Amino acid sequence: MNVLAYRDGTLFNQLFRKFEPFFIEKRESLGRKFRFMEVCGTHTVSFSKTGVRDLLSPYIDLTSGPGCPVCVTDQADIDQMIAYAKKENVIITTFGDMMKVPGTRTNLYKERAEGADIRVVYSASQALQIAQEHPHKQVLLLGVGFETTAPSIALSIMRAKDEGVKNFFVYAAHKLTPPAVKSLINDDNHKIDGFILPGHVSVIIGREGWRLLEEHQIPAVISGFEPIDLLTSTYLLTKEMEQSDYTIKNNYTRNVKEAGNEKAKSILEEVFTISSPKWRGFGSLPFSGMEINSAYEEFDASKRILCETPKSRVVKGCRCGEIVKGKETPFDCKLFGKACNPDRPLGPCMVSSEGTCSTYFNYERANKKVSL
């Protein structure tokens with residue numbers, strides 16, 4: 001089916017009229033609204049931008065989880081990246097969302113204004129090309145992302161080795177999504193009825209990559225990003241609550257396969273090894289990250305480029321740590337929309353285009369109608 005069919009306003013309205021009595025029935029029988037979490041920054045934006053979140057709000061509380069890789073990057077990693085930018089003979093290459101993420105004292109955007117050589121790239125291969133064009137510089141790519149972007153960065157490292165590029169390095173701060181979800185379901189103080197799982201990540205890891213939710217008997221649905229995807233996924237998740245034995249539902253079969261993308265997973269296994277990094281808000285999560293393995297250690301910036309380890313602290317009053325866990329919303333933060341806004345962000349959740357605070361600032365401050 002053409003993707004435009006999933007934006008069909010007439011079909012959306014027909015489906016909503018069909019589903020609404022069921023949503024009402026389930027809310028009344030439960031005595032409260034279901035609380036579902038979307039575990040994807042793109043879903044957070046889509047639910048809010050289209051107005052589907054507001055449309056479903058009388059029946060279902062949709063809370064945003066750790067779906068923004070920039071937002072969950074630990075403050076110490078942010079400060080370390082900025083410290084690399086201050087070094088002589090280093091070219092920093094980064095995706096655009098990182099430029100204004102606040103470090104303890106400064107950010108990459110300010111450092112570039114002060115003369116640091118920092119370049120926004122749109123792909124890892126572009127960073128590798130910059131290294132090839134500047135052989136007397138150390139070119140460092142900031143590797144921030146989930147399973148979705150990590151394969152392209154791993155592939156650039158493999159290419160650098162094959163082509164004998166000696167001045168290309170990666171600061172690997174990649175995260176794995178399922179361990180964060182596992183941490184949430186193991187939190188007795190965090191009551192989530194079910195999960196709407198990220199489509200992009202699931203393209204890589206497949207439906208089988210979420211089996212831990214079946215082991216814990218947590219209902220979940222993999223969803224696409226269009227309005228009809230969002231509506232039908234929420235309906236399927238509510239239907240799943242009627243079952244006694246939960247299985248992961250794949251509502252994005254046009255792109256997500258059972259085993260995912262085997263080639264991409266093979267590339268990740270070739271270059272990275274599983275690590276246990278710190279996440280913003282979560283602290284250290286076992287087996288939740290990817291670091292460059294010994295076979296490709298020559299491209300690991302943390303081991304090949306000597307750099308100071310700065311002291312880190314988060315902005316007092318910033319609630320990003322609780323927001324990425326879905327324990328609070330941006331409206332619970334006293335800084336939101338006041339001291340902290342897109343022009344003067346105090347935390348990463350207000351910087352990234354997929355950050356919850358940025359999304360809520362743009363789309364949730366006033367009631368929205370469904371926009372198709």
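Can you tell me which residues in region 311-355 are part of a loop (DSSP other than H, G, I, E, B), touching a residue at least 24 places away in the same chain (Cβ under 8 Å) and charged (D, E, K, R)?
Hits for region 311-355 are Lys311, Arg313, Arg319, Lys325, Lys327, Glu354.
Among what's in region 87-122 and is polar (S, T, N, Q) and surrounded by 14 or more Cβ atoms within 10 Å (Cβ to Cβ), pick the residue that is nearest to the chain's Cα centre (by Cα). Step through it out loud before you land on a result.
Kept after step one, since they are polar (S, T, N, Q), are these residues of region 87-122: 89, 93-94, 104, 106-107.
Okay, now just the ones that are also surrounded by 14 or more Cβ atoms within 10 Å (Cβ to Cβ), so 93-94, 104, 106-107.
Values: Thr93: 20, Thr94: 16, Thr104: 22, Thr106: 23, Asn107: 20 Å.
Of everything passing the filter in region 87-122, Thr94 is nearest to the chain's Cα centre (by Cα).
When region 333-370 is examined, which residues are found to be surrounded by fewer than 14 Cβ atoms within 10 Å (Cβ to Cβ) and under 21 Å from the mean Cα position of the chain (by Cα)?
Listed by number, the list holds a single entry, Asn362.
Is it true that some residue in region 19-40 is under 30 Å from Asp117 (Cα atoms), without any contact (Cβ under 8 Å) to a residue 40 or more places away in the chain, out of contact with any Cys (no Cβ under 6 Å at 6 or more places or on another chain) and assigned to a helix (DSSP H, G or I)? Reasoning before the result, please.
Restricting attention to region 19-40, the residues satisfying the condition of being under 30 Å from Asp117 (Cα atoms) are none.
Looking for residues that are under 30 Å from Asp117 (Cα atoms), without any contact (Cβ under 8 Å) to a residue 40 or more places away in the chain, out of contact with any Cys (no Cβ under 6 Å at 6 or more places or on another chain) and assigned to a helix (DSSP H, G or I), one finds none in region 19-40, hence no.
Report yes if some residue within region 198-205 is modelled with pLDDT of 95 or more, over 21 Å from Ser183 (Cβ atoms) and more than 20 Å from the chain's Cα centre (by Cα); otherwise report no.
Scanning region 198-205, I find no residue that is modelled with pLDDT of 95 or more, over 21 Å from Ser183 (Cβ atoms) and more than 20 Å from the chain's Cα centre (by Cα), so the answer is no.
For region 1-22, enumerate the residues that are under 30 Å from Ser353 (Cβ atoms) and surrounded by 11 or more Cβ atoms within 10 Å (Cβ to Cβ).
Val3, Tyr6, Arg7, Asp8, Gly9, Leu11, Phe12, Asn13, Leu15, Phe16, Phe19
How many residues does region 198-245 contain that are in contact with a helix residue (DSSP H, G or I) (Cβ under 6 Å, 6 or more places away or on another chain) and part of a loop (DSSP other than H, G, I, E, B)?
Qualifying residue count for the region: 6.
The values are calculated or read from the model by the stated rules, or taken from the named source; none is laboratory data. In this text the structure is predicted, and so the values were computed from the model without any measurement. Using ideal geometry, Cβ is built from the backbone for each residue, glycine included, and neighbour counts are taken over all protein chains shown.
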